[in-house]
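Notes follow once the structure below has been shown.
The values are calculated or read from the model by the stated rules, or taken from the named source; none is laboratory data. Keep in mind that what you see is a predicted model, and the values were worked out from it rather than measured. FYI the Cβ positions are ideal-geometry reconstructions off the backbone, even for glycines, and counts take in every protein chain you see.
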Amino acid sequence: MPGKGLAPRSSKTPRAPRPAGSRAAGKPSQQGIPDAVANRMARRVAVATGIPTLMGMGVFVASYVLVSRQIADISPGVTLAASGACFLLGLVGLSYGVLSASWEERPGSLMGGEQLGLNISRLRESLRARRSGR
């Protein structure tokens with residue numbers, strides 16, 4: 001069917017090879033997040049999001065066990081509200097994990113309380129600079 005659908009793969013233009021001094025050569029770009037900072041953020045996000053998410057799934061399991069064994073009569077609305085609160089807490093944990101991590105090479109504290117305010121102020125300054133630059 002000429003003229004319809006996707007073009008054949010052979011008509012794709014080949015990509016140009018990367019220059020030798022690109023990011024793949026080991027040099028981090030100026031705008032990239034350093035590996036130590038990215039790993040720290042990933043760990044905090046995994047914990048701050050993972051625990052509430054597992055709790056939210058646990059609410060469903062616990063509710064099922066309690067209702068099916070007639071230990072307690074739990075309404076579906078209560079189960080939904082409790083699991084929804086846990087999932088919402090996980091969503092908040094996503095932002096907390098990124099904003100509480102030290103954005104410097106040196107690691108911050110375990111909970112990151114001192115970094116949270118600093119990183120929020122940095123974020124606000126960046127947003128203000130972007131708005132004024134447009």
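Quick notes on this one:
- Selection within the stretch 44-83 - surrounded by 13 or more Cβ atoms within 10 Å (Cβ to Cβ) and either assigned to a loop (DSSP other than H, G, I, E, B) or on the phi > 0 side of the Ramachandran plot (or both): ILE74
Each row is one residue, and each column tells you yes or no for (1) modelled with pLDDT of 95 or more; (2) within 30 Å of ILE33 (Cα to Cα).
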site: GLY50; (1), (2): yes, yes
site: ALA62; (1), (2): yes, no
site: VAL65; (1), (2): yes, no
site: GLY84; (1), (2): yes, no
site: GLY113; (1), (2): no, yes
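- Within the stretch 109-129, residues that are without any contact (Cβ under 8 Å) to a residue 24 or more places away in the chain reach partners that are in a helix (DSSP H, G or I) with beta carbons closer than 9 Å, at six or more positions or on different chains, in the pairs SER109/GLN115; GLN115/LEU99; LEU116/TYR96; LEU116/LEU99; ASN119/VAL98; ASN119/LEU99; ILE120/LEU99.
- Number of residues in the stretch 31-43 that are part of a helix (DSSP H, G or I) and β-branched (Val, Ile, Thr): the value is 1.
- When CYS86 is tested against (1) touching a residue at least 12 places away in the same chain (Cβ under 8 Å); (2) part of a loop (DSSP other than H, G, I, E, B), just one condition goes unmet, and that condition is (2).
- If you filter the stretch 94-107 down to residues that are without any contact (Cβ under 8 Å) to a residue 60 or more places away in the chain and touching a helix residue (DSSP H, G or I) at 6+ places or on another chain (Cβ under 6 Å), you find that the one that is surrounded by the most Cβ atoms within 10 Å (Cβ to Cβ) is SER100.
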